[in-house]
Amino acid sequence: MECKDFVIKIIEAIEKSPDIYLKQDDQGRYYDEIYADYRDEMDYHTAIKILNSKHPMDTFYEKINDWYMDTETERDYQDDIEKSIRSTLEENIDVYPNGLTDEQEEFLGDWVRENIYFNYPKDHYLKQEFYTNIMIDTGDGNYDFTLNAHYPCYYGGRKGEAMDDKASLVWLAKQQGYTKGQLRKALDEGDASNPRGFLESCRVELANMTSHMQILTFLVRMDLKTLIKINRLLRLREKDGHQYDTTKYPDCGYIVLDKSTMCGLFDPWQGGGSVLEIRLEKDVKIPIKFIRSCLPDGGDGYGIDDVYRLVGSCWRDTLKEICVPQKIKELMRGDCYVY
């Protein structure tokens, strides 16, 4: 039997066999799905490595391919498909009275490996959620994140002094609808024993600072697909000439967090922080250019869980919106998992 005729018989067997569930793509090639076990998870170290890469989505594909391509799982799938095709072919005893010849067996094996491919469970891992720390740099990164060290913090200046405009707490106060003067008054005179609302919670946060380097941090539960999207946006910020001052970065859009988000001051360099109990009164709109990092816990220095041993419910699903300018979308075009 010529190869062409035998290929026709193989295709007929694929369509006839009750044990084969192959699909065809636009090019007419056959493929099958490899499904992940519901217990399969990507570890935090791998996720952080993907997100820190220059091209996160490409690195993600490479990692998934490493896990499944030419693995025992894929070989088992290929062997099962080949056995089902062979069994269906040999049911026609008029054509194959003695089964397939050695030559046909070899041809069948080669054909299966060359013409049937497998879709790996990418979506399973893209939907996996991680405890994510969104760390903010409103220009205070140029001062080693020391601008929040203000009275009543024991590292801070004298009572009554104004905070620097680039301090992230000043930025957050304005986000919440308050002036720098109102924030300063609350820090000087607010009730620390029974704090009410945003301003007095800031006083408590500063009073419990454990070091002079503190970065404003939001705790959010986020899936890998969204993390990749945000980190791709972070890669697009132009840094030449002003890499130490985020206020000079171009507009790359913004994200919106619900006011129920847990947030506070944290020191990822020394492994400490405050009480993480700043009480938001309004949703927070964070420009992409002000995000120092958006990584799973432990991806930017010490992890918050390493320091506090918090329960997972402290990281909440509070990301409400990602807004990206059209010109940025055009730069990111072509990645179906982003837009």
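The table below lists the values:
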quantity	calculated
From phi via Karplus (6.51, -1.76, 1.60), per-residue ³J(HN,Hα) for the range 121-130 in Hz, x at Gly/Pro	x, 4, 4, 4, 7, 5, 8, 5, 9, 10
Of (1) 29; (2) 11; (3) 38, the label for percent of Cα pairs over 37 Å apart derived from the coordinates	(3)
Residue-normalised accessible area of the range 67-176, given per residue in Å² at a 1.4 Å probe	51 Å²
Accessible surface of the chain [probe 1.4 Å, protein heavy atoms]: carbon and sulfur percent	44 percent
Separation in nanometres of the label points that stand 7 Å from Cα toward Cβ, at R113 and C323	5.5 nm
Gained length - H212 relative to D37, 0.36 nm times residue gap less alpha-carbon distance	58.4 nm
Separation in nanometres of the label points that stand 7 Å from Cα toward Cβ, at K4 and D79	3.5 nm
Between the range 91-122 and the range 261-276, the Cα center-to-center distance that results, in Å	60 Å
Listed residue (M332, L169, S87) projecting farthest to the positive dipole end of the chain, Cβ model	L169
Degrees, to the nearest 10: 197-207 long Cα axis against longest axis of the chain	80 degrees
Mean Cβ count within 10 Å, highest first, over the residues of peptides 86-98, 277-289	277-289, 86-98
Stokes-Einstein translational diffusion, the range 77-227 - Kirkwood Rh over all Cα pairs, 0.692 mPa s, 37 °C, in µm²/s	157 µm²/s
Interchain or long-range residues, amide H under 5 Å from R292's placed H	M135, I136, D137
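The values are calculated or read from the model by the stated rules, or taken from the named source; none is laboratory data. Quick caveat, the model's predicted, so the values are computed rather than measured. Note that each Cβ is placed from the backbone with ideal geometry, even for glycine, and that neighbours are counted across all protein chains shown. What goes into the accessible areas is simple: the full protein's heavy atoms, side chains included, and nothing from ligands, DNA or RNA. Shrake-Rupley method; radii C 1.70, N 1.55, O 1.52, S 1.80 Å.
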